[in-house]
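Chemist: Input: one structure, supplied below.
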Amino acid sequence: MAEITHPTIKDGWFREISDMWPGQAMTLKVNQIIHHEKSKYQDVLIFESSDYGMVLVLDNVIQCTERDEFSYQEMICHLGMFAHPNPKKVLVIGGGDGGVLREIVKHESVEEAVLCDIDEAVIRLSKKYLPGMSVGFQHPNVKVHVGDGFKFLEDY
């Protein structure tokens with residue numbers, strides 16, 4: 001089988017350089033490229049870094065790493081959840097890695113958590129390669145819808 005390569009990885013380093021962050025770049029040492037595919041919507045890359053564990057990259061932008069994803073996922077989830085006196089139904093639009101969903105189902109008041117993500121590849125690959133983040137998909141109160149979030153809101 002041929003070795004997987006990716007244009008953002010040179011000399012064993014992933015490089016995220018973006019006009020959105022002038023004057024700075026993010027680099028991570030790559031142990032191994034785990035998976036790469038072009039989904040219907042975006043370029044999906046998963047690699048194992050030397051210090052951050054598995055890394056999910058969409059369209060050349062780091063989305064999450066195993067090492068520090070909890071800080072992002074917990075803040076997105078718990079600020080809103082604790083602001084509501086008794087959240088029963090929760091909708092997540094995006095978040096196909098499952099991290100926010102994992103945090104939502106920790107709240108015992110939640111009777112239904114629905115995740116809508118447009119890209120099935122992100123959900124599928126997160127379940128396969130990011131089990132610590134995607135564990136929430138296994139919760140019995142979780143429903144997953146693959147599709148456009150705006151369309152889902154119109155129809156739901």
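Chemist: For helix 69-83, what angle does its Cα long axis make with the longest principal axis of the chain, in degrees from 0 to 90 and rounded to 10?
Modeler: The angle comes out near 20 degrees.
Chemist: Measure out, as a whole number of angstrom, how far apart the alpha-carbon centroids of region 1-20 and region 33-79 sit.
Modeler: What the calculation gives is 14 Å, centre to centre.
Chemist: Determine, at each q value in 0.16, 0.20, 0.23, 0.25 (inverse angstroms), the log₁₀ of I(q)/I(0) that the Debye formula gives when each Cα of region 1-81 is one equal point scatterer.
Modeler: -0.66, -0.95, -1.15, -1.25
Chemist: For the chain, would you read off the P(r) tail past 25 Å as a percentage of all alpha carbon pairs?
Modeler: 34 percent
Chemist: Beyond 17 Å, how much of the Cα-Cα pair distribution for region 69-155 remains, as a whole percent?
Modeler: Tail of the P(r) past 17 Å holds 44 percent of the pairs.
Chemist: Across region 41-54, in residue order, what do the Karplus-derived ³J(HN,Hα) couplings come to in whole Hz, using 6.51 cos²θ - 1.76 cosθ + 1.60 with θ = phi - 60° and x for Gly and Pro?
Modeler: Ordered by residue, 3J(HN,Hα) equals 10, 6, 7, 10, 10, 10, 9, 9, 9, 5, 10, 10, x, 5 Hz.
Chemist: Once you've got the Cα coordinates, tell me which of K89/K127; K29/K89; K10/K151; K10/K106 are over 32 Å apart.
Modeler: On the way: K89/K127 23 Å; K29/K89 40 Å; K10/K151 39 Å; K10/K106 40 Å.
The pairs that break the limit, which is 32 Å between Cα atoms, are K29/K89; K10/K151; K10/K106.
Chemist: Counting only helical runs of four or more DSSP H residues, what would the 222 nm mean residue ellipticity of the chain come to if each run contributes -39,500 (n - 2.57) and the total is spread over all its residues?
Modeler: For the chain, the value works out to -7500 deg cm²/dmol.
Chemist: So, one more: Run the quick spin-label model on S109 and E154: label points 7 Å from Cα toward the beta carbon, then report their separation in nm to one decimal.
Modeler: 3.2 nm
Chemist: What do you get for GluC sites (Glu not before Pro) in region 91-156 restricted to DSSP loop and a cutoff of at most 10 other Cβ within 10 Å of the site's Cβ? Walk me through the numbers on the way to the answer.
Modeler: Details: sites: E103, E108, E111, E112, E120, E154; in loops: E108, E111.
The qualifying sites are E108, E111.
Chemist: Which order do F82, F70 fall in if you start with the one that has the fewest other Cβ atoms within 10 Å? Don't skip to the end; give the middle numbers.
Modeler: Working: F82 10, F70 15.
With the fewest neighbours first, F82, F70 line up as F82, F70.
Chemist: While we're here: Run the numbers on region 1-83 and let me know its relative contact order in percent, using alpha-carbon pairs under 8 Å that are six or more apart.
Modeler: About 17 percent, as a whole number.
Chemist: List the relative contact order of the chain as a percent without decimals, with contacts defined as Cα pairs under 8 Å and 6+ residues apart.
Modeler: Details: 270 pairs, mean separation 23.0, N = 156.
Computed over the chain, the figure is 15 percent.
Read-outs: derived from the displayed coordinates by stated rules, not from any lab. Since the structure is predicted, the reported quantities are computational estimates derived from the model, not experimental observations. Ideal geometry is used to build each Cβ from the backbone, glycine not excepted, and the neighbour counts take in all protein chains shown.
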